[in-house]
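Down below is the structure, laid out as structure tokens.
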Amino acid sequence: MILDDIYGVILERRRNPSPDSYVSALTTKGKDAILKKIGEEAAEVIIASKGLDKQQVIHEMADLWFHCMVLMAEEGLSHSDILKELEDRFNKKKEQDTSGCIFCNIISKETPAGIIYEDENVMALEDINPQAPLHVLVIPKKHIPTSLGLINRDNELIGQLFQAANKIATERGVAERGFRLVMNTNPEAGQSVYHIHLHLLGGRPMHWPPG
């Protein structure tokens, strides 16, 4: 990734200053010089954005981004730290937007439901419209509207959903006979509640294709 390459060069110029290096010259002057340059580059972005030359805007934004990376190196940070902060903000906003989610209301105990399993991250309850003798919904406590919203940090959580489903299937006596786990995504797949969940179905023969 080009950001990694550029950041690597910045770090190298800091470790081994060169008289011909712009980064070395700038960092030798100290943080105030870097901050001043960032301010100048930010002003250049504003000026360029008031014009009609899109390429000039790109050029000035690249300069600003580069100098911000020099500052990140000065602070012992990297672009991955900034990206993580942005990701956390984005996910926090998504998680806050749950006021109309029936599953979130059940998880918070605002709405009563037939909860049959609960741990720190997962809850399970009987489906109110069962499609098999055993039909349980296995739900993460984290609000994720659809499977398309899953990110790498959710990998462990998804594993916990399956582990909970396996435990329930075993306790209900369908594990050895066989059971089905389904996660629907968006309208044509039949998703009606936009908070991801596994359907655990068992107690009868399953057919293929479903739906």
What is the ratio of the Cα radius of gyration of the chain to 2.2 N^0.38 Å, where N is its residue count, to two decimals?
1.55
With R₀ set to 35 angstrom, the calculated FRET efficiency between the beta-carbons of residue 126 and residue 89, to the nearest 0.05, is 0.45
With contacts defined as alpha carbon pairs under 8 Å and 6 or more residues apart, what's the relative contact order of region 102-202 in percent?
31 percent
Convex hull around the C-alpha positions of region 150-211: the volume in Å³ per residue is 106 Å³
Based only on other Cβ atoms within 10 Å, what is the fewest-to-most ordering of 174, 182?
182, 174
In deg cm²/dmol, rounded to the nearest 500, the helical mean residue ellipticity at 222 nm of the chain, built from -39500 (n - 2.57) for every DSSP H run of length 4 or more, is -15500 deg cm²/dmol
Could you give the length gained on full extension between residue 71 and residue 152, defined as 0.36 nm per residue of separation minus the Cα-Cα distance, in nm?
26.4 nm
When the chain is modelled as a GNM with alpha-carbon springs shorter than 10 Å, which of 55, 191, 160 fluctuates the most?
55
Which ³J(HN,Hα) values in Hz, rounded to whole numbers, follow from the phi angles of region 118-124 under the Karplus curve 6.51 cos²θ - 1.76 cosθ + 1.60, where θ = phi - 60° and Gly and Pro get x?
7, 9, 4, 10, 9, 9, 9
Compute, for the chain, the length of the dipole vector about the Cα centre, with Cβ point charges of +1 (Lys, Arg) and -1 (Asp, Glu) only. Units Debye, rounded to 20.
400 debye
Whole number please: convex hull volume per residue of the Cα set in region 1-49, in Å³?
92 Å³
Can you list the cysteines of the chain that have no other Cys Cβ under 4.7 Å away?
68
Work out how far the C-alpha atoms of region 56-166 reach from end to end along every principal axis, then list the three figures in whole Å, largest first.
63, 27, 23
Largest first and in whole Å, what are the equivalent-ellipsoid semi-axes of region 102-202 based on the Cα gyration tensor, each being the root of 5 times an eigenvalue?
19, 15, 15
Just grab the label-to-label distance for residue 166 and residue 119, each label 7 Å out from Cα along the Cβ direction, in nm (one decimal).
1.0 nm
Give the average over all directions of the projected area of the C-alpha convex hull of region 2-94, one decimal, in nm².
7.5 nm²
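Coordinate-derived values only; no laboratory data. None of these values were measured; they are calculated from a predicted model. Virtual Cβ from ideal backbone geometry, glycine too; neighbours counted across all protein chains shown.
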